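Presented below is the structure to which this report refers.
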Amino acid sequence: MEIKQRQRITRRVTLTGAAVNCGLAALQISFGLLGKSQALLADGFHTLSDLSTDFIVLYASRRAAKEADEDHPYGHGRIETLASLLLGGILVMVGVGIGLRGVETILAPITENPEAITVVFALLAVVAKEGLYHYTLRAARKTHSALLESNAWHHRSDALSSIVVVIGISSQLLGVPYMDAVAAIVVAVMIAFMGFRLGQKALYELIDTGLNFDLVEDVRQAMLANASVIGIHNLRTRSMGGLGYIDAHIEVDSDLTVSEAHFIAHNIEHLVKKQFPKIIDVQIHIDPLDDAVKDSVLAKLPERDTIEKDLEHAWDKMPERTQIIQTKLHYLDELIEVDLVLPVSMCTPGQAANIGKLQDAAASLDYVGKVNIYYIA
């Protein structure tokens, strides 16, 4: 899914939540005052405060959707991660606040009974907030947005706190003053635990923790399904704003052309993004040989400039060297394989001996293995 599309869905879902919270807060505060319910009134102000988190989500999703720039070459997805961390912290504080309120109620129980009508609006808050939770969570799973998931669980925490209000008002009407406080403390622990888990997940993203092991293994097998891929190593993953980023080294036949290897890499990138919607970026590095021998190859084998000078020296006084159109080098495990491209006019029995001398002279270099001859019209 494109980043802009994710941002549009996030904006729509968050604005819907903000509108519901605004209307619900007005009803809760109004009937909390009219019905003499401190619990409903407090929950109304709690709902009103949720608008601030909605604005955080809107701001973060808009900034995270910005294209990569010179200062942020990997995009702005970390803003979404930071916002998720902030929302997790808010959930922890909400849980602590509700818990403290429950303890205070036990120490100083409320003696004035609220009106029975307040229970109706407390139940309305439960239904509305639980509905927002499911609505937002569906969007979070569709967009793979950690930020929306955090906000969804915030809605769930609000629903749980409203259940506490229902229990509190009902128990107060039935003459059981401490039940609402006990329920409040239990729910407070649940909310704080949700916030801790969300904050932990965001923190793992900030320190570039890899993606789920099973997902990574599925990606590996999808890459290996390409017939041109001999092996895969250095497969590394990370998450940013709930989306996956992958880079990997794939081993291919050393005789492949650069363009064909590049085509294989593009095919794998397209396949992984299509098969795994959570993966938004795939970087493929092509290896014509195993990286295990990379250091030894670099230490033993010279660069092209040195090779060309050595070949010129080996071919000294051989006029046929001027006919060479192209020299291709294949860096293998121990030696370099050389391809010489000659004009088709030299493909005659009379030139065979001279071409053989070119091959022998090139092969005399201690780092050169096989020397192949190709003709072009």
Worksheet item: Where in segment 238-280 does the label zone of I230 land, with the point 7 angstrom along Cα→C-beta and an amide N cut-off under 12 Å?
Response: 250-256
Discussion item. Sort H144, H262 by Cβ crowding within 10 Å, fewest neighbours at the top.
Written reply: H262, H144
Response to the item:
Here the relative contact order (percent) of the chain, from C-alpha pairs under 8 Å and at least 6 apart, is 13 percent
Worksheet item: Using 1/(1 + (r/R0)^6) with R0 = 25 angstrom and r between the beta carbons of H262 and H313, what's the FRET efficiency to the nearest 0.05?
Response: 0.15
Discussion item. Treating only the Cβ of Lys, Arg, Asp and Glu as charged (+1, +1, -1, -1), what charge dipole size does segment 3-206 show about its Cα centre? Round to the nearest 20 debye.
Written reply: 720 debye
Item to complete: Give the order of D43, D50, D339 when sorted by the count of other beta carbons within 10 angstrom, beginning with the fewest.
Response: D339, D50, D43
Worksheet entry | Additional length obtainable on full extension of the chain from L124 to H72, 0.36 nm per residue less Cα span | 14.3 nm
Discussion item. Which one, V186, V127, V176, is farthest towards the positive end of the dipole of the chain when Lys and Arg carry +1 and Asp and Glu -1 on their Cβ?
Written reply: V176
Item to complete: Excluding residues on the same chain fewer than 8 positions from K357, give the lysines whose Cα lies under 26 Å from its Cα.
Response: K300, K309, K317, K328, K370
Practice prompt. Can you figure out the FRET efficiency of Q351 with L329, using R₀ = 25 Å and their beta-carbon distance, to the nearest 0.05?
Written response: 0.60
Practice prompt. Taking a cut-off of 12 Å between Cα atoms, list the aspartates and glutamates near K66, but don't count ones fewer than 8 places away on the same chain.
Written response: E2, E80
Discussion item. Quick check for me: using +1 on Lys/Arg Cβ and -1 on Asp/Glu Cβ, what's the dipole size of the chain about its Cα centre, in debye to the nearest 20?
Written reply: 1800 debye
Practice prompt. Take each of the peptides 195-205, 85-95, 350-360, average the number of other beta-carbon atoms within 10 Å over its residues, and list them starting from the highest.
Written response: 85-95, 195-205, 350-360
Worksheet item: Considering the dipole of the chain built from charges on the beta carbon (Lys and Arg +1, Asp and Glu -1) around the Cα centre, which of P277, P349, I9 is farthest to its positive end?
Response: I9
Worksheet entry | Using alpha-carbon coordinates, inclination of helix 3-34 to the longest axis of the chain, degrees | 10 degrees
Worksheet entry | FRET efficiency for T306 and S254, using Cβ-Cβ distance with R0 set to 22 Å, rounded to 0.05 | 0.65
Fill in: Exposure proxy ranking, count of Cβ atoms within 10 Å, fewest first, for I230, I207
I207, I230
Worksheet item: So what are the ³J(HN,Hα) numbers for segment 94-105, from phi and the Karplus equation (6.51, -1.76, 1.60; θ = phi - 60°), rounded to whole Hz, Gly and Pro as x?
Response: 4, x, 4, x, 5, x, 5, 5, x, 4, 4, 5
Discussion item. Need the full-extension length gain, K278 to R138, defined as separation in residues times 0.36 nm minus the C-alpha distance. One decimal, nm.
Written reply: 48.9 nm
Response to the item:
For segment 297-376, the dipole about the Cα centre with charges only on Cβ (Lys and Arg +1, Asp and Glu -1), to the nearest 20 debye, works out at 240 debye
Item to complete: Please give the helix 117-143 orientation as an angle from the longest Cα principal axis of the chain, in degrees from 0 to 90, rounded to the nearest 10.
Response: 0 degrees
Worksheet item: Given that just one value was derived from the coordinates, which of (i) 18.6; (ii) 24.8; (iii) 16.8 is mean projected area of the Cα convex hull in nm²?
Response: (ii)
Item to complete: State the answer as a single residue: which of M93, L51, L137 lies farthest towards the positive end of the charge dipole of segment 3-206, with beta carbon charges of +1 for Lys and Arg and -1 for Asp and Glu, about the Cα centre.
Response: L137
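A short reminder: the numbers here are calculations on the coordinates, not readings from a lab. On a predicted model such as this, the values are computed, not experimentally measured, just so you know. FYI the Cβ positions are ideal-geometry reconstructions off the backbone, even for glycines, and counts take in every protein chain you see.
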